1. Which of the residues belonging to region 58-83 are closer than 13 Å to V36 by Cα, modelled with pLDDT under 95 and either not hydrophobic (A, V, I, L, M, F, W, C) or not in a loop (DSSP other than H, G, I, E, B) (or both)?
2. Would you check if G29 is touching an Asp or Glu at 6+ places or on another chain (Cβ under 9 Å) and either at pLDDT 90 or above or not in a strand (DSSP E or B) (or both)?
3. Just checking, does region 1-10 include any residue being surrounded by 10 or more Cβ atoms within 10 Å (Cβ to Cβ) and either at pLDDT 95 or above or not in a loop (DSSP other than H, G, I, E, B) (or both)?
Amino acid sequence: MSEIGKMSSSNLILNNRKSLNLTGVKDIGKFDDKNVNVVTNQGELNISGENLKIEKICVESGNLNLNGKVNSISYSDSKNLGKNFLKKLFS
């Protein structure tokens, strides 16, 4: 019997639309104070809002903490964000 590979989980916790904690982060694409694009184990996550700021990212664990006013969160299946932020950050 062969073992089927497990899909890595991704969790999102949004507290009062002001603080977002995300696990399963693979990469960060374009970001500014109004939009943050993140590649997760579940696909591309687009976060839009006001005064968005990435407070903490841990590459080893795939955790991201974001603060600001979150107006919308949406997933898409696209995983091509263009430039690889994490590779550039740590090269």
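The values are calculated or read from the model by the stated rules, or taken from the named source; none is laboratory data. Since this is a predicted model, take the numbers as computed values, not measurements. Backbone-built Cβ (ideal geometry, glycine too); neighbour counts: all protein chains shown.
1. Restricting attention to region 58-83, the residues satisfying the condition of being closer than 13 Å to V36 by Cα are 64-75, 81.
Adding the requirement that they be modelled with pLDDT under 95 leaves 75, 81.
Once the filter is applied, which keeps residues that are closer than 13 Å to V36 by Cα, modelled with pLDDT under 95 and either not hydrophobic (A, V, I, L, M, F, W, C) or not in a loop (DSSP other than H, G, I, E, B) (or both), region 58-83 yields only Y75.
2. Against the criterion (touching an Asp or Glu at 6+ places or on another chain (Cβ under 9 Å) and either at pLDDT 90 or above or not in a strand (DSSP E or B) (or both)), G29 qualifies.
3. Of region 1-10, the ones surrounded by 10 or more Cβ atoms within 10 Å (Cβ to Cβ) are 8-10.
Within this subset, residues satisfying the condition of being either at pLDDT 95 or above or not in a loop (DSSP other than H, G, I, E, B) (or both) are none.
No; the residues of region 1-10 include none that is surrounded by 10 or more Cβ atoms within 10 Å (Cβ to Cβ) and either at pLDDT 95 or above or not in a loop (DSSP other than H, G, I, E, B) (or both).
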